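One structure is given below, represented as structure tokens, and several questions about it will come after.
The values are calculated or read from the model by the stated rules, or taken from the named source; none is laboratory data. Owing to the predicted nature of the structure, the values given are computational and were not obtained by experimental measurement. Heads up, the Cβs are rebuilt from the backbone with ideal geometry, glycines too, and the neighbour counts pull from every protein chain shown. Keep in mind that these areas ignore ligands, DNA and RNA; they rest on the heavy atoms of the full protein, side chains included. Shrake-Rupley method; radii C 1.70, N 1.55, O 1.52, S 1.80 Å.
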Amino acid sequence: MAARIGNWLDRRFGWRSVWQTVFLRKVPKVNWWFTLGSATLFVAINQGITGILLTTYYVPTPDHAYESIQYITTQVPAGWLIRGLHHWGASAMVLLTVLHMLRVIVYGAYKFPREMTWFTGVLLLIVVLGFGFTGYLLPWDQKAYWATIVGTRIAGVTPIIGDWILKIMRGGEDLSAVTLARFFGTHVWILPLSLILLLGVHLYLIVRIGISSVPKKGE
Ligand code: HEM
């Protein structure tokens, strides 16, 4: 029965060849360091799911942000778990992305024909760090507030355009409701959409070109 449904769908969608190309493709003999990209992908999916769940209770306004997070942690069933997974997942994501990048550097996997895989990776790293920076403000506690004061001030000392960048980031001279709205919008819309787009290209290239093998001595 399942096979017949599979065949019916395959004749219409051609899903078997997609499955074959993506999951049953041949890969060279590699080692555990090559699992870091997939580990990052796994955590990215965790961040997406737990992040969406958090938005069902989180309120991005100065009056309610802090209380809504306290409510999630202490009142919502499994809220502490969802928040914890998102909180620790954020650190794991940065760590894994950097380790994955180091693996690529050490094995020289950024060379021809993988320059564009590397380039999309660099943009992914910026997106991952952006998630961390914008997410840090959302609890709207003292740590979040002052860290963002410092972070935006650092961006503000950029030569010539620094003042302009600071105002764009804060939505004015000081941190306010506009800053929180801006950081929230960036965290839940701009960055996730950029991540999906960049990851799409990154993974397409990995499937199309295939992953590199462990370089031999002198290579
Ligand atoms: C959200 C972050 C990222 C995810 C989810 C991700 C995912 C992956 C996956 C699943 C692979 C397959 C092979 C492997 O796992 O090593 C891969 C390969 C690769 N990644 Fe990433 N990546 C990310 C960030 C980066 C960054 C920051 C760079 C470099 C700046 C990068 C550069 C590359 C390159 C050059 C390859 C090809 C490696 C090879 O063929 O041996 N990636 N990535």
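State all residues of segment 1-16 that are small (G, A, S) and open to solvent by 70 Å² or more (accessible area, probe 1.4 Å); if no residue qualifies, say none.
Within segment 1-16, A2 is the sole residue that qualifies.
Can you pull out every residue in segment 45-69 that is free of Cβ contacts under 8 Å to residues at least 24 places away in the same chain and either open to solvent by 90 Å² or more (accessible area, probe 1.4 Å) or outside any loop (DSSP other than H, G, I, E, B) (or both)?
The answer is I45, I49, I52, T56, Y57, D63, H64, E67, S68.
Another question, if that's okay. Please determine, by comparing only the residues of segment 113-146 that are of a type outside the set (V, I, T) and over 20 Å from T186 (Cβ atoms), which one is farthest from the ligand (Cβ to nearest atom).
The initial filter retains those residues of segment 113-146 that are of a type outside the set (V, I, T), namely 113-116, 118-119, 121, 123-125, 129-133, 135-146.
Still in the list and also over 20 Å from T186 (Cβ atoms): 113-116, 118-119, 121, 142.
Values: P113: 10, R114: 5, E115: 8, M116: 9, W118: 4, F119: 8, G121: 2, Q142: 30 Å.
That would be Q142.
Let me ask something additional. For segment 70-92, name all the residues that are more than 16 Å from the ligand (Cβ to nearest atom), of a type outside the set (A, V, I, L, M, F, W, C) and either open to solvent by 50 Å² or more (accessible area, probe 1.4 Å) or modelled with pLDDT under 95 (or both). So that I can check it myself, show each step before the final result.
First, the residues of segment 70-92 that are more than 16 Å from the ligand (Cβ to nearest atom): 70-85, 87-88.
Those left that are additionally of a type outside the set (A, V, I, L, M, F, W, C): 70-71, 73-75, 77, 79, 83-84, 87.
Residues satisfying the conditions are Q70, Y71, T74, Q75, P77, R83, H87.
So, one more: Taking the condition of being in a helix (DSSP H, G or I) and open to solvent by 60 Å² or more (accessible area, probe 1.4 Å), how many residues in segment 93-122 meet it?
9
A follow-up question, please. Being over 21 Å from A90 (Cα atoms) and within 14 Å of the ligand (Cβ to nearest atom) narrows it down to one of V43, V18, V22, so name that one.
After applying the criteria, what remains is V22.
If you don't mind, another one. When segment 150-167 is examined, which residues are found to be loosely packed, with under 13 Cβ neighbours inside 10 Å and either under 25 Å from the mean Cα position of the chain (by Cα) or among the hydrophobic types (A, V, I, L, M, F, W, C) (or both)? Lay out the reasoning, then the answer.
Our first condition is that a residue be loosely packed, with under 13 Cβ neighbours inside 10 Å; within segment 150-167, this holds for 150, 154, 157-161, 163-164.
Correct list: V150, I154, V157, I160, I161, W164.
A further question on this structure: Report yes if some residue within segment 18-29 is of a type in the set (S, T, Y), in a helix (DSSP H, G or I) and open to solvent by less than 60 Å² (accessible area, probe 1.4 Å); otherwise report no.
no
Considering only residues that are within 10 Å of the ligand (Cβ to nearest atom) and open to solvent by less than 90 Å² (accessible area, probe 1.4 Å), which ones fall in segment 30-40?
Within segment 30-40, V30, F34, T35, L36, G37, S38, A39, T40 meet the criteria.
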